[in-house]
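The values are calculated or read from the model by the stated rules, or taken from the named source; none is laboratory data. Bear in mind the structure is a predicted one, so any value in this text is a computation, not a measurement. Please note: Cβ atoms are built from the backbone with ideal geometry, for glycine as well, and neighbour counts cover all protein chains shown.
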Amino acid sequence: MAELQQEAQENVKPEKIDPKFKYEVMKHPGAEKIQMCFQCGTCTADCAIARFSDFYKPRKIARIVQLGLKNRLLGNPMLWLCTTCFTCVDHCPQGVEVSSIVRALRNMSVGNMNEMPFIYKVFASNVLKTGYVYLMPESRLKRRGAEGLPPLPKSNVEHVTKLFEATGFLETLENASTFKNVNLKTGDQDG
Amino acid sequence: MADLEYLFFLGCLIPYRLASYEVSARKVLNKLGVKLVEMPDFNCCGFPIGPVNFDLALSLAARDLCLAEQKNLNILTLCNGCFGTLNDANKILKEDEELRDRINSYLQQVGMEFKGTVTVKHIVHVLTEDVGSEKLKEQVKKPLTGLRVAQHTGCHLVRPASHVGHGDNPEDPHVLKELIRLTGAECVEYTDETECCGNPIIGVNEDLPFEIAKEKLDHVKAAGAQALITVCPACHMMYDFNQPRIERAFNTSFRIPVLHYTQLLGLAMGFSPEDLRLNELRVKPTELLSQIQ
Ligand code: SF4
Ligand code: SF4
(Lines give C-alpha, C1' and ligand atoms only; values in the text may rest on other atoms or scores of the structure.)
(Ligands and ions follow the chains in the order given, each with its own letter.)
Protein backbone atom coordinates (compact mmCIF):
# COMPACT_ATOMS: atom_id res chain seq x y z
CA MET A 1 0.00 0.00 0.00
CA ALA A 2 2.82 2.35 0.96
CA GLU A 3 4.35 1.59 -2.39
CA LEU A 4 1.13 2.54 -4.16
CA GLN A 5 0.81 5.79 -2.21
CA GLN A 6 4.38 6.67 -2.99
CA GLU A 7 3.73 5.98 -6.67
CA ALA A 8 0.63 8.15 -6.60
CA GLN A 9 2.49 11.04 -4.97
CA GLU A 10 5.41 10.83 -7.33
CA ASN A 11 3.14 10.77 -10.27
CA VAL A 12 1.07 13.88 -9.80
CA LYS A 13 3.56 16.13 -11.57
CA PRO A 14 1.42 17.04 -14.56
CA GLU A 15 4.25 17.46 -17.06
CA LYS A 16 5.03 13.76 -16.86
CA ILE A 17 1.53 12.63 -17.72
CA ASP A 18 0.20 11.86 -21.17
CA PRO A 19 -3.56 11.43 -20.61
CA LYS A 20 -4.02 9.88 -24.06
CA PHE A 21 -1.32 7.25 -23.61
CA LYS A 22 -3.61 4.50 -22.34
CA TYR A 23 -5.90 4.94 -25.32
CA GLU A 24 -2.93 4.51 -27.67
CA VAL A 25 -1.98 1.33 -25.84
CA MET A 26 -5.58 0.06 -25.93
CA LYS A 27 -5.58 0.15 -29.72
CA HIS A 28 -3.19 -2.81 -29.78
CA PRO A 29 -4.67 -6.32 -29.99
CA GLY A 30 -5.01 -7.85 -26.53
CA ALA A 31 -4.38 -4.57 -24.68
CA GLU A 32 -8.02 -3.39 -24.79
CA LYS A 33 -8.81 -4.05 -21.12
CA ILE A 34 -6.03 -2.09 -19.44
CA GLN A 35 -8.54 0.16 -17.66
CA MET A 36 -10.07 -2.86 -15.91
CA CYS A 37 -6.90 -3.48 -13.88
CA PHE A 38 -7.66 -2.90 -10.19
CA GLN A 39 -4.08 -3.42 -9.02
CA CYS A 40 -4.62 -6.65 -7.10
CA GLY A 41 -1.07 -7.79 -7.85
CA THR A 42 -1.94 -11.34 -8.90
CA CYS A 43 0.10 -10.95 -12.08
CA THR A 44 3.22 -9.90 -10.21
CA ALA A 45 2.75 -12.60 -7.59
CA ASP A 46 2.59 -15.31 -10.25
CA CYS A 47 5.24 -13.96 -12.66
CA ALA A 48 8.42 -16.03 -12.71
CA ILE A 49 10.41 -13.07 -13.99
CA ALA A 50 9.18 -10.76 -11.24
CA ARG A 51 10.43 -13.31 -8.73
CA PHE A 52 13.99 -12.93 -9.98
CA SER A 53 14.00 -9.26 -11.04
CA ASP A 54 13.71 -6.08 -9.01
CA PHE A 55 12.62 -4.12 -12.08
CA TYR A 56 10.12 -6.25 -13.89
CA LYS A 57 6.71 -6.10 -12.15
CA PRO A 58 3.64 -6.55 -14.38
CA ARG A 59 1.26 -4.87 -11.90
CA LYS A 60 3.40 -1.78 -11.92
CA ILE A 61 3.52 -1.75 -15.72
CA ALA A 62 -0.31 -1.83 -15.83
CA ARG A 63 -0.49 1.05 -13.34
CA ILE A 64 2.04 3.19 -15.16
CA VAL A 65 0.06 2.76 -18.40
CA GLN A 66 -3.13 3.80 -16.60
CA LEU A 67 -1.42 6.85 -15.15
CA GLY A 68 -0.10 7.86 -18.57
CA LEU A 69 3.57 7.96 -17.58
CA LYS A 70 4.61 7.20 -21.11
CA ASN A 71 8.27 8.13 -20.75
CA ARG A 72 8.81 5.67 -17.95
CA LEU A 73 7.76 2.81 -20.21
CA LEU A 74 8.61 3.46 -23.84
CA GLY A 75 12.23 2.57 -24.42
CA ASN A 76 12.58 0.98 -20.98
CA PRO A 77 14.82 -2.08 -21.45
CA MET A 78 13.06 -4.08 -18.72
CA LEU A 79 10.07 -4.50 -21.06
CA TRP A 80 12.13 -7.13 -22.90
CA LEU A 81 12.27 -9.43 -19.86
CA CYS A 82 8.74 -10.86 -20.25
CA THR A 83 9.03 -14.49 -21.42
CA THR A 84 5.42 -14.53 -22.72
CA CYS A 85 4.57 -17.46 -20.45
CA PHE A 86 0.99 -16.06 -20.27
CA THR A 87 0.53 -17.00 -16.62
CA CYS A 88 -0.60 -13.43 -15.92
CA VAL A 89 -3.20 -13.65 -18.70
CA ASP A 90 -4.71 -16.82 -17.26
CA HIS A 91 -4.69 -15.59 -13.66
CA CYS A 92 -5.89 -11.99 -13.93
CA PRO A 93 -9.34 -11.76 -12.27
CA GLN A 94 -10.17 -8.81 -14.53
CA GLY A 95 -9.28 -10.37 -17.86
CA VAL A 96 -6.43 -7.92 -18.43
CA GLU A 97 -3.79 -9.45 -20.72
CA VAL A 98 -0.68 -7.92 -19.19
CA SER A 99 1.69 -9.76 -21.51
CA SER A 100 -0.24 -8.39 -24.52
CA ILE A 101 0.11 -4.92 -22.99
CA VAL A 102 3.85 -5.53 -22.70
CA ARG A 103 3.88 -6.60 -26.36
CA ALA A 104 2.07 -3.36 -27.27
CA LEU A 105 4.63 -1.36 -25.28
CA ARG A 106 7.50 -3.18 -27.01
CA ASN A 107 5.93 -2.51 -30.43
CA MET A 108 5.46 1.16 -29.50
CA SER A 109 9.04 1.43 -28.21
CA VAL A 110 10.34 0.00 -31.49
CA GLY A 111 8.08 2.22 -33.57
CA ASN A 112 8.50 5.48 -31.62
CA MET A 113 12.09 5.27 -30.41
CA ASN A 114 13.53 3.21 -33.27
CA GLU A 115 15.35 0.92 -30.88
CA MET A 116 15.24 -2.81 -30.25
CA PRO A 117 17.40 -5.52 -28.68
CA PHE A 118 20.14 -6.68 -31.03
CA ILE A 119 18.84 -10.26 -31.15
CA TYR A 120 15.45 -9.15 -32.49
CA LYS A 121 17.11 -7.18 -35.26
CA VAL A 122 19.17 -10.24 -36.20
CA PHE A 123 16.11 -12.52 -36.19
CA ALA A 124 13.99 -10.10 -38.22
CA SER A 125 16.83 -9.53 -40.72
CA ASN A 126 17.24 -13.30 -41.15
CA VAL A 127 13.51 -13.76 -41.73
CA LEU A 128 13.61 -11.00 -44.31
CA LYS A 129 16.59 -12.52 -46.10
CA THR A 130 15.71 -16.22 -45.91
CA GLY A 131 12.21 -16.71 -44.50
CA TYR A 132 13.80 -18.59 -41.58
CA VAL A 133 14.81 -17.11 -38.20
CA TYR A 134 18.24 -18.71 -38.46
CA LEU A 135 20.69 -18.74 -41.35
CA MET A 136 20.77 -22.44 -42.14
CA PRO A 137 24.33 -23.62 -42.74
CA GLU A 138 24.84 -25.27 -46.15
CA SER A 139 26.24 -28.38 -44.42
CA ARG A 140 22.99 -28.83 -42.50
CA LEU A 141 20.88 -28.58 -45.61
CA LYS A 142 23.05 -31.18 -47.34
CA ARG A 143 23.02 -33.51 -44.37
CA ARG A 144 19.21 -33.74 -44.54
CA GLY A 145 19.43 -35.95 -47.62
CA ALA A 146 21.93 -38.28 -45.96
CA GLU A 147 19.65 -38.47 -42.90
CA GLY A 148 16.70 -39.52 -45.05
CA LEU A 149 14.90 -36.21 -44.50
CA PRO A 150 13.15 -34.35 -47.34
CA PRO A 151 14.72 -31.04 -48.42
CA LEU A 152 13.81 -28.05 -46.28
CA PRO A 153 10.93 -26.13 -47.88
CA LYS A 154 12.18 -23.10 -49.79
CA SER A 155 10.88 -19.77 -48.67
CA ASN A 156 9.15 -17.17 -50.77
CA VAL A 157 11.46 -14.26 -50.04
CA GLU A 158 9.62 -11.98 -52.45
CA HIS A 159 6.37 -12.43 -50.50
CA VAL A 160 8.12 -11.98 -47.16
CA THR A 161 9.73 -8.74 -48.34
CA LYS A 162 6.35 -7.44 -49.52
CA LEU A 163 4.83 -8.11 -46.09
CA PHE A 164 7.75 -6.32 -44.38
CA GLU A 165 7.10 -3.38 -46.70
CA ALA A 166 3.32 -3.34 -46.42
CA THR A 167 3.42 -3.23 -42.60
CA GLY A 168 6.02 -0.46 -42.66
CA PHE A 169 8.47 -2.58 -40.70
CA LEU A 170 11.11 -2.71 -43.45
CA GLU A 171 12.02 0.92 -42.88
CA THR A 172 11.93 0.57 -39.08
CA LEU A 173 14.28 -2.40 -39.26
CA GLU A 174 16.79 -0.66 -41.49
CA ASN A 175 17.02 2.37 -39.20
CA ALA A 176 16.71 0.76 -35.78
CA SER A 177 19.55 1.10 -33.30
CA THR A 178 20.15 -1.81 -30.95
CA PHE A 179 21.31 -2.76 -27.48
CA LYS A 180 22.63 -6.14 -26.44
CA ASN A 181 21.54 -6.99 -22.92
CA VAL A 182 19.20 -5.98 -20.16
CA ASN A 183 21.12 -5.63 -16.91
CA LEU A 184 19.31 -7.36 -14.05
CA LYS A 185 20.92 -5.27 -11.33
CA THR A 186 20.09 -1.86 -12.77
CA GLY A 187 17.30 -2.58 -15.25
CA ASP A 188 19.31 -0.65 -17.86
CA GLN A 189 20.81 -1.53 -21.20
CA ASP A 190 24.18 -3.25 -21.42
CA GLY A 191 26.14 -2.91 -24.62
CA MET B 1 -6.65 -43.09 -42.82
CA ALA B 2 -7.22 -40.18 -45.13
CA ASP B 3 -8.17 -37.94 -42.23
CA LEU B 4 -4.75 -38.40 -40.61
CA GLU B 5 -3.14 -36.05 -43.09
CA TYR B 6 -1.59 -32.70 -42.16
CA LEU B 7 0.49 -29.90 -43.56
CA PHE B 8 3.78 -30.29 -41.70
CA PHE B 9 5.03 -27.00 -40.25
CA LEU B 10 8.57 -27.73 -39.08
CA GLY B 11 9.52 -24.22 -37.99
CA CYS B 12 13.06 -22.81 -37.79
CA LEU B 13 14.73 -24.08 -34.61
CA ILE B 14 14.18 -27.79 -35.28
CA PRO B 15 15.94 -27.89 -38.68
CA TYR B 16 18.61 -25.54 -37.34
CA ARG B 17 19.51 -27.39 -34.14
CA LEU B 18 17.35 -30.41 -33.35
CA ALA B 19 17.26 -32.97 -36.14
CA SER B 20 16.72 -35.57 -33.40
CA TYR B 21 13.20 -34.21 -32.84
CA GLU B 22 12.30 -34.17 -36.54
CA VAL B 23 13.72 -37.63 -37.25
CA SER B 24 12.03 -39.26 -34.26
CA ALA B 25 8.72 -37.50 -34.93
CA ARG B 26 8.63 -38.51 -38.59
CA LYS B 27 9.39 -42.13 -37.65
CA VAL B 28 6.69 -42.51 -35.02
CA LEU B 29 4.07 -40.58 -37.00
CA ASN B 30 4.71 -42.68 -40.09
CA LYS B 31 4.31 -45.90 -38.10
CA LEU B 32 1.05 -44.57 -36.66
CA GLY B 33 -0.33 -43.93 -40.15
CA VAL B 34 -0.10 -40.14 -39.99
CA LYS B 35 0.67 -38.61 -43.36
CA LEU B 36 2.78 -35.43 -43.42
CA VAL B 37 2.48 -33.17 -46.44
CA GLU B 38 5.51 -30.88 -46.86
CA MET B 39 4.96 -27.10 -46.99
CA PRO B 40 4.87 -25.82 -50.60
CA ASP B 41 7.03 -22.98 -49.33
CA PHE B 42 7.84 -21.64 -45.91
CA ASN B 43 8.12 -18.55 -43.81
CA CYS B 44 8.69 -18.17 -40.06
CA CYS B 45 5.47 -18.39 -38.00
CA GLY B 46 6.15 -14.86 -36.70
CA PHE B 47 7.02 -15.77 -33.10
CA PRO B 48 10.19 -13.61 -32.83
CA ILE B 49 8.58 -10.81 -34.85
CA GLY B 50 5.54 -10.27 -32.59
CA PRO B 51 7.51 -8.32 -29.97
CA VAL B 52 8.81 -5.82 -32.55
CA ASN B 53 5.83 -5.58 -34.91
CA PHE B 54 2.68 -7.54 -34.18
CA ASP B 55 1.00 -6.69 -37.49
CA LEU B 56 3.91 -8.20 -39.40
CA ALA B 57 3.95 -11.26 -37.14
CA LEU B 58 0.23 -11.78 -37.79
CA SER B 59 0.79 -11.32 -41.53
CA LEU B 60 3.54 -13.95 -41.57
CA ALA B 61 1.40 -16.37 -39.56
CA ALA B 62 -1.61 -15.66 -41.76
CA ARG B 63 0.44 -16.36 -44.88
CA ASP B 64 1.28 -19.83 -43.52
CA LEU B 65 -2.36 -20.36 -42.61
CA CYS B 66 -3.34 -19.35 -46.18
CA LEU B 67 -0.99 -22.02 -47.58
CA ALA B 68 -2.78 -24.59 -45.43
CA GLU B 69 -6.16 -23.24 -46.50
CA GLN B 70 -5.16 -23.56 -50.16
CA LYS B 71 -4.28 -27.22 -49.58
CA ASN B 72 -7.35 -27.71 -47.40
CA LEU B 73 -5.22 -29.34 -44.71
CA ASN B 74 -4.88 -28.75 -40.98
CA ILE B 75 -1.42 -27.82 -39.73
CA LEU B 76 0.74 -30.08 -37.56
CA THR B 77 3.64 -28.53 -35.62
CA LEU B 78 6.26 -30.01 -33.29
CA CYS B 79 7.04 -26.70 -31.61
CA ASN B 80 5.05 -25.00 -28.85
CA GLY B 81 6.13 -21.60 -30.19
CA CYS B 82 4.93 -22.28 -33.74
CA PHE B 83 1.74 -23.85 -32.42
CA GLY B 84 0.96 -20.96 -30.08
CA THR B 85 1.73 -18.31 -32.68
CA LEU B 86 -0.18 -19.85 -35.57
CA ASN B 87 -3.09 -20.93 -33.38
CA ASP B 88 -3.34 -17.51 -31.76
CA ALA B 89 -3.24 -15.72 -35.12
CA ASN B 90 -5.89 -18.10 -36.46
CA LYS B 91 -8.15 -17.35 -33.52
CA ILE B 92 -7.81 -13.59 -33.36
CA LEU B 93 -8.07 -13.14 -37.11
CA LYS B 94 -11.25 -15.20 -37.16
CA GLU B 95 -12.76 -13.16 -34.32
CA ASP B 96 -11.57 -9.59 -34.90
CA GLU B 97 -13.02 -8.36 -38.16
CA GLU B 98 -11.22 -5.02 -38.18
CA LEU B 99 -7.85 -6.66 -37.58
CA ARG B 100 -8.58 -9.33 -40.19
CA ASP B 101 -9.37 -6.66 -42.78
CA ARG B 102 -6.11 -4.89 -42.02
CA ILE B 103 -4.00 -8.06 -42.23
CA ASN B 104 -5.82 -9.09 -45.40
CA SER B 105 -4.96 -5.72 -46.93
CA TYR B 106 -1.27 -6.62 -46.40
CA LEU B 107 -1.81 -10.14 -47.73
CA GLN B 108 -3.43 -8.70 -50.81
CA GLN B 109 0.05 -7.50 -51.82
CA VAL B 110 1.05 -11.14 -52.18
CA GLY B 111 -2.25 -12.27 -53.71
CA MET B 112 -3.58 -14.04 -50.63
CA GLU B 113 -6.55 -13.81 -48.28
CA PHE B 114 -7.02 -15.28 -44.82
CA LYS B 115 -10.35 -17.11 -44.60
CA GLY B 116 -10.10 -19.03 -41.34
CA THR B 117 -10.91 -22.52 -42.60
CA VAL B 118 -8.18 -24.66 -41.03
CA THR B 119 -7.14 -25.80 -37.54
CA VAL B 120 -3.65 -25.69 -36.03
CA LYS B 121 -2.52 -28.71 -34.03
CA HIS B 122 0.58 -29.59 -32.06
CA ILE B 123 1.76 -33.21 -32.34
CA VAL B 124 0.43 -33.77 -28.81
CA HIS B 125 -3.09 -32.90 -30.04
CA VAL B 126 -2.75 -35.12 -33.09
CA LEU B 127 -1.67 -38.07 -30.93
CA THR B 128 -4.40 -37.64 -28.33
CA GLU B 129 -7.32 -36.36 -30.40
CA ASP B 130 -6.81 -37.94 -33.83
CA VAL B 131 -4.61 -41.03 -33.48
CA GLY B 132 -6.11 -41.88 -30.10
CA SER B 133 -4.93 -43.91 -27.15
CA GLU B 134 -6.23 -47.24 -28.50
CA LYS B 135 -4.05 -47.08 -31.55
CA LEU B 136 -1.08 -45.82 -29.55
CA LYS B 137 -1.43 -48.72 -27.12
CA GLU B 138 -1.48 -51.19 -30.01
CA GLN B 139 1.82 -49.82 -31.23
CA VAL B 140 3.58 -49.97 -27.86
CA LYS B 141 5.57 -53.17 -28.37
CA LYS B 142 8.24 -52.61 -25.72
CA PRO B 143 6.60 -50.93 -22.70
CA LEU B 144 9.09 -48.87 -20.72
CA THR B 145 8.06 -50.45 -17.44
CA GLY B 146 10.11 -49.34 -14.46
CA LEU B 147 11.25 -46.09 -16.04
CA ARG B 148 10.52 -42.94 -13.99
CA VAL B 149 10.34 -39.70 -15.97
CA ALA B 150 9.00 -36.17 -15.47
CA GLN B 151 7.29 -34.00 -18.07
CA HIS B 152 7.58 -30.35 -19.06
CA THR B 153 4.52 -29.41 -21.11
CA GLY B 154 5.72 -25.82 -21.61
CA CYS B 155 3.72 -22.62 -21.79
CA HIS B 156 2.44 -22.08 -25.31
CA LEU B 157 0.81 -25.48 -25.55
CA VAL B 158 -1.64 -24.62 -22.76
CA ARG B 159 -1.63 -20.84 -22.15
CA PRO B 160 -3.44 -18.55 -22.48
CA ALA B 161 -6.26 -21.03 -21.89
CA SER B 162 -8.85 -18.81 -23.56
CA HIS B 163 -6.83 -18.84 -26.80
CA VAL B 164 -5.43 -22.35 -26.90
CA GLY B 165 -8.42 -24.66 -26.55
CA HIS B 166 -7.79 -28.43 -26.92
CA GLY B 167 -8.93 -29.17 -23.38
CA ASP B 168 -5.76 -29.47 -21.28
CA ASN B 169 -5.72 -27.82 -17.86
CA PRO B 170 -3.10 -25.02 -17.81
CA GLU B 171 -2.94 -25.09 -14.01
CA ASP B 172 -2.28 -28.82 -13.91
CA PRO B 173 -1.54 -30.11 -17.40
CA HIS B 174 -2.33 -33.80 -17.77
CA VAL B 175 -2.32 -34.54 -21.51
CA LEU B 176 1.42 -35.14 -21.84
CA LYS B 177 1.38 -37.16 -18.61
CA GLU B 178 -1.20 -39.49 -20.10
CA LEU B 179 0.83 -39.82 -23.29
CA ILE B 180 3.87 -40.72 -21.18
CA ARG B 181 1.94 -43.35 -19.22
CA LEU B 182 0.89 -44.97 -22.51
CA THR B 183 4.56 -45.85 -23.09
CA GLY B 184 4.57 -47.86 -19.85
CA ALA B 185 6.84 -45.35 -18.09
CA GLU B 186 5.87 -43.80 -14.78
CA CYS B 187 5.31 -40.04 -14.85
CA VAL B 188 6.47 -38.50 -11.56
CA GLU B 189 5.16 -35.21 -10.22
CA TYR B 190 7.38 -32.36 -9.09
CA THR B 191 7.14 -28.83 -7.68
CA ASP B 192 6.12 -25.98 -10.01
CA GLU B 193 5.48 -28.11 -13.08
CA THR B 194 3.96 -25.21 -15.00
CA GLU B 195 6.99 -22.94 -14.68
CA CYS B 196 8.28 -21.47 -17.95
CA CYS B 197 11.67 -22.62 -19.33
CA GLY B 198 12.76 -19.00 -19.77
CA ASN B 199 14.16 -19.52 -23.27
CA PRO B 200 12.33 -16.66 -25.04
CA ILE B 201 14.42 -14.00 -23.25
CA ILE B 202 17.80 -15.73 -23.41
CA GLY B 203 18.85 -13.34 -26.20
CA VAL B 204 18.51 -10.29 -23.94
CA ASN B 205 19.52 -11.77 -20.60
CA GLU B 206 21.01 -15.18 -19.90
CA ASP B 207 21.25 -15.12 -16.11
CA LEU B 208 17.53 -15.02 -15.45
CA PRO B 209 16.51 -17.96 -17.70
CA PHE B 210 19.39 -19.95 -16.22
CA GLU B 211 18.05 -19.32 -12.71
CA ILE B 212 14.56 -20.40 -13.73
CA ALA B 213 15.81 -23.49 -15.53
CA LYS B 214 18.05 -24.41 -12.61
CA GLU B 215 15.07 -24.31 -10.30
CA LYS B 216 13.17 -26.66 -12.61
CA LEU B 217 16.08 -29.10 -12.86
CA ASP B 218 16.43 -29.03 -9.05
CA HIS B 219 12.77 -29.97 -8.68
CA VAL B 220 12.94 -32.69 -11.33
CA LYS B 221 15.99 -34.17 -9.67
CA ALA B 222 14.40 -34.06 -6.21
CA ALA B 223 11.44 -36.04 -7.61
CA GLY B 224 13.83 -38.80 -8.63
CA ALA B 225 13.08 -38.61 -12.35
CA GLN B 226 15.49 -40.43 -14.66
CA ALA B 227 14.67 -38.11 -17.55
CA LEU B 228 12.71 -35.00 -18.41
CA ILE B 229 10.33 -35.21 -21.39
CA THR B 230 9.66 -32.16 -23.58
CA VAL B 231 7.51 -31.41 -26.64
CA CYS B 232 9.11 -28.15 -27.76
CA PRO B 233 12.54 -27.46 -29.26
CA ALA B 234 13.00 -24.24 -27.26
CA CYS B 235 12.27 -25.92 -23.92
CA HIS B 236 14.51 -28.80 -24.98
CA MET B 237 17.44 -26.48 -25.79
CA MET B 238 17.07 -24.86 -22.39
CA TYR B 239 17.22 -28.10 -20.40
CA ASP B 240 19.48 -30.24 -22.59
CA PHE B 241 21.83 -28.01 -24.59
CA ASN B 242 22.20 -25.49 -21.76
CA GLN B 243 22.28 -28.02 -18.92
CA PRO B 244 26.10 -28.22 -18.71
CA ARG B 245 26.29 -24.42 -18.73
CA ILE B 246 23.70 -24.17 -15.98
CA GLU B 247 25.65 -26.77 -14.00
CA ARG B 248 28.80 -24.67 -14.35
CA ALA B 249 27.03 -21.41 -13.51
CA PHE B 250 25.66 -22.79 -10.25
CA ASN B 251 28.48 -25.21 -9.50
CA THR B 252 26.12 -28.17 -9.34
CA SER B 253 25.44 -31.40 -11.17
CA PHE B 254 22.19 -32.67 -12.67
CA ARG B 255 23.00 -35.09 -15.51
CA ILE B 256 19.29 -35.37 -16.32
CA PRO B 257 18.74 -36.58 -19.90
CA VAL B 258 16.06 -34.59 -21.71
CA LEU B 259 14.15 -36.56 -24.34
CA HIS B 260 11.71 -35.36 -26.95
CA TYR B 261 8.42 -37.17 -26.29
CA THR B 262 8.70 -38.69 -29.77
CA GLN B 263 11.94 -40.38 -28.68
CA LEU B 264 10.29 -41.86 -25.58
CA LEU B 265 7.31 -43.07 -27.60
CA GLY B 266 9.64 -44.36 -30.32
CA LEU B 267 11.57 -46.48 -27.80
CA ALA B 268 8.28 -47.96 -26.58
CA MET B 269 7.26 -48.66 -30.17
CA GLY B 270 10.44 -50.66 -30.67
CA PHE B 271 12.62 -48.24 -32.60
CA SER B 272 16.32 -48.39 -31.76
CA PRO B 273 18.09 -45.53 -29.95
CA GLU B 274 20.07 -44.90 -33.17
CA ASP B 275 16.85 -44.66 -35.22
CA LEU B 276 15.62 -42.03 -32.77
CA ARG B 277 18.93 -40.12 -32.63
CA LEU B 278 19.30 -40.46 -28.88
CA ASN B 279 23.05 -40.12 -29.44
CA GLU B 280 22.48 -36.49 -30.47
CA LEU B 281 21.32 -35.45 -27.00
CA ARG B 282 23.86 -33.38 -25.13
CA VAL B 283 23.20 -35.12 -21.81
CA LYS B 284 23.72 -38.76 -22.74
CA PRO B 285 20.90 -41.10 -21.65
CA THR B 286 23.33 -44.00 -21.08
CA GLU B 287 21.89 -45.26 -17.81
CA LEU B 288 18.32 -44.98 -19.01
CA LEU B 289 19.10 -46.99 -22.15
CA SER B 290 20.90 -49.74 -20.28
CA GLN B 291 17.90 -50.06 -17.99
CA ILE B 292 15.36 -50.54 -20.76
CA GLN B 293 17.45 -52.87 -22.89
S1 SF4 C 1 -3.77 -9.44 -12.14
FE2 SF4 C 1 -4.96 -8.12 -13.54
S3 SF4 C 1 -6.15 -6.76 -12.20
FE4 SF4 C 1 -4.54 -7.69 -10.92
S5 SF4 C 1 -2.84 -6.22 -11.00
FE6 SF4 C 1 -2.46 -7.69 -12.64
S7 SF4 C 1 -3.43 -6.81 -14.46
FE8 SF4 C 1 -4.24 -5.69 -12.70
S1 SF4 D 1 3.71 -13.39 -19.55
FE2 SF4 D 1 5.40 -12.02 -18.94
S3 SF4 D 1 4.50 -10.66 -17.42
FE4 SF4 D 1 3.09 -12.37 -17.65
S5 SF4 D 1 3.68 -13.81 -16.01
FE6 SF4 D 1 4.80 -14.43 -17.89
S7 SF4 D 1 6.80 -13.36 -17.78
FE8 SF4 D 1 5.40 -12.35 -16.28
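So which pairs qualify, if the first residue must be in the stretch A:71-87 and within 14 Å of B:Asn199 (Cβ to Cβ) and touching a residue at least 40 places away in the same chain (Cβ under 8 Å), the second must be within 16 Å of ligand 1 (Cβ to nearest atom) and of a type outside the set (S, T, N, Q), the Cβ gap must be under 6 Å, and the two must be at least 6 apart or on different chains?
So the pair list comes out as A:Leu81/A:Ile49; A:Leu81/A:Tyr56.
Take the residues in the stretch A:58-80 that are within 14 Å of chain B (Cβ to nearest Cβ) and within 16 Å of ligand 1 (Cβ to nearest atom); name whichever of them is farthest from B:Pro209 (Cα to Cα).
That would be A:Pro58.
In the stretch B:197-227, how many residues are of a type in the set (Phe, Trp, Tyr) and not in a helix (DSSP H, G or I)?
0
Against the definition (in contact with a strand residue (DSSP E or B) (Cβ under 8 Å, 6 or more places away or on another chain), part of a helix (DSSP H, G or I) and more than 10 Å from ligand 1 (Cβ to nearest atom)), how does A:Ser100 come out, yes or no?
So A:Ser100 fails the test.
Would you mind listing the strands (runs of 3 or more DSSP E) fully within the stretch B:71-169 where at least 2 residues are over 14 Å from the mean Cα position of the chain (by Cα)?
Strands (runs of 3 or more DSSP E) meeting the threshold: B:148-152.
Whether any residue in the stretch B:260-270 is farther than 16 Å from B:Leu147 by Cβ, of a type in the set (A, V, I, L, M, F, W, C), modelled with pLDDT of 95 or more and in the same structural domain as B:Pro160 (by TED's automatic domain parsing) is what I want to check.
no
Does B:Lys216 satisfy the criteria of being closer than 18 Å to B:Glu193 by Cβ, buried (at least 17 other Cβ atoms within 10 Å of the Cβ) and within 14 Å of chain A (Cβ to nearest Cβ)?
yes
So B:Ile75 clears everything in (1) in contact with a helix residue (DSSP H, G or I) (Cβ under 8 Å, 6 or more places away or on another chain); (2) within 11 Å of chain A (Cβ to nearest Cβ); (3) of a type in the set (A, V, I, L, M, F, W, C) except one condition, right? Which one?
Against the list (1) in contact with a helix residue (DSSP H, G or I) (Cβ under 8 Å, 6 or more places away or on another chain); (2) within 11 Å of chain A (Cβ to nearest Cβ); (3) of a type in the set (A, V, I, L, M, F, W, C), B:Ile75 comes up short only on (2).
Consider the stretch B:156-197. How many of its residues are farther than 22 Å from A:Val96 by Cα and within 11 Å of another protein chain (Cβ to nearest Cβ)?
2
Taking the condition of being aliphatic (A, V, I, L, M), in a loop (DSSP other than H, G, I, E, B) and buried (at least 24 other Cβ atoms within 10 Å of the Cβ), how many residues in the stretch B:256-292 meet it?
Number satisfying all stated conditions: 1.
When you go through (1) touching a Leu at 6+ places or on another chain (Cβ under 9 Å); (2) within 13 Å of ligand 2 (Cβ to nearest atom); (3) not charged (D, E, K, R) one by one for A:Phe21, which number turns out not to apply?
The one condition A:Phe21 does not meet is (2).
If the Cβ limit is 9 Å and pairs must be 6+ apart or interchain, which residue in the stretch B:62-86 that is outside the structural domain of B:Val23 (by TED's automatic domain parsing) pairs with which residue that is modelled with pLDDT of 95 or more and buried (at least 24 other Cβ atoms within 10 Å of the Cβ)?
none
If you go through the stretch B:186-231 one residue at a time, how many are of a type in the set (Gly, Ala, Ser) and touching a Pro at 6+ places or on another chain (Cβ under 8 Å)?
3
Filter the stretch A:29-43 down to residues that are under 16 Å from B:Glu95 (Cβ atoms) and within 15 Å of ligand 2 (Cβ to nearest atom), then give me how many there are.
Within the stretch A:29-43, residues that are under 16 Å from B:Glu95 (Cβ atoms) and within 15 Å of ligand 2 (Cβ to nearest atom) number 3.
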